[in-house]
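**Q** One structure coming up, written as structure tokens, with questions to follow.
Every read-out reported here was derived from the displayed coordinates using simple, explicitly stated rules and does not represent laboratory data. Values in this document were obtained by computation on a predicted structure and should not be read as measured data.
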Amino acid sequence: MLINCPYCGPRDVIEFTYQGDGNRERPQAASQNLDAWNAYVYDRLNPAGDHNEIWQHSGGCRAHLRVVRNTLTHEISSTAFAHGGHKSAARHKAEGKS
Amino acid sequence: MVERQSPLEPVLHAGSHGNFEHGVDIILSETQPGSIVQLAAWPGEEKKLISCIRTVTGLALPDGAGGGSTDGVRSVFGFASGKFTVVDEAEGLASAFAGVVTPAIGTVTDLSHGRTAIRIAGPKAEWVLAKFFAIDFALPAFPVGAGRSTVHHDIFAQIQRTGADQFDIYVFRSFARSFWKALCHASEEVGYEVQ
């Protein structure tokens, strides 16, 4: 499986570390809403199809990435910096999909 | 300054090795630069950091991810978004950068004692490196001066192409000896010379 890192370009999946489900929304640190915390920790969509994920390019530029991966085919339809990234690094910007 | 000892000393045996009856296709050496520094810009400050690099080293960074340049004495390349490795044969690069890279621009990390620089050169350099790293070493995809961050069996490495058939590899000092041995084994079948 290849993941197209927005900085490094296409790299083998062995260079990346899965950082979890990208759909979760962490409650405020001081939140006492147990339902929200329960949902954050346990609830997963588990889709058979496109899935939002967070990956880290731990064996490369070490950036955290937002990745959309199809759980049936492993096809990766988009990758982007999780926090926007530095604009100057957008090697694949011109291709329309990052 | 503290005298620096090479972690490769017990295993670096100068001369020709392996299958060299028909000549050597690989030349391995340790470049032992005096300074290896990593610079990181805060978001939005990259241009200022790049101009600091130009001020201190005289090297201009080309646009684009992984871009870099070298003049044979000093080298610079991007290894991550807004982050750069700068190398100088002379010591004192970190203090030179500390004077111009203000806390508002970014950070300076001196890795001179933390990394070992290994140079692999020769017509089969791309071929040998392709055994280790799952990246494209072809000249159009990896131009002279450019840098890449990648891994070798989960161990981090930074690679800069410093010539058409020459690469400088920066590895953790503590892993340098085993990496060097692996590089020698991988070069045996084409014949290699250690300088």
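**Q** Quick check of the Kirkwood formula: for the range B:1-111, what is the inverse mean of 1/r over all pairs of different Cα atoms, in Å?
**A** Evaluated on the range B:1-111, it is 15.8 Å.
**Q** Karplus couplings for the range B:102-112 from phi (6.51 cos²θ - 1.76 cosθ + 1.60, θ = phi - 60°), rounded to Hz, Gly and Pro as x?
**A** Result, ordered by residue: 6, x, 6, 8, x, 10, 10, 10, 7, 10, 3 Hz.
**Q** What translational diffusion coefficient, to the nearest whole µm²/s, does the range A:2-92 have by Stokes-Einstein, given a Kirkwood radius computed over alpha-carbon pairs, a temperature of 25 °C and 0.890 mPa s viscosity?
**A** Values: Rh = 14.2 Å.
Diffusion coefficient, whole number: 173 µm²/s.
**Q** Given only helices, namely DSSP H runs of n ≥ 4 each adding -39500 (n - 2.57), what is the per-residue ellipticity at 222 nm of the protein assembly as shown, to the nearest 500 deg cm²/dmol?
**A** Working: 5 runs with 49 residues, N = 293.
Estimated from H runs of four or more residues: -5000 deg cm²/dmol.
**Q** Pick from B:Arg148, B:Arg177, B:Arg54: which residue has the top mean-square fluctuation in a GNM of chain B where Cα pairs under 10 Å get a spring?
**A** So, out of B:Arg148, B:Arg177, B:Arg54, the one fluctuating most is B:Arg54.
**Q** Also, I was wondering about something else. Over the C-alpha atoms of the protein assembly as shown, what are the Rg and the largest Cα-to-Cα span, Dmax, in Å?
**A** Reported Rg and Dmax, both Å: 21.2, 74.
**Q** Remind me, what semi-axes does chain B give for its equivalent ellipsoid, largest first in whole Å, using sqrt of 5 times each Cα gyration tensor eigenvalue?
**A** 30, 18, 14
**Q** With θ set to phi - 60°, apply the Karplus curve 6.51 cos²θ - 1.76 cosθ + 1.60 along the range B:33-38 and write out the HN-Hα couplings as whole Hz, x wherever there is a Gly or Pro.
**A** Per-residue couplings from phi come out as x, x, 9, 10, 10, 10 Hz.
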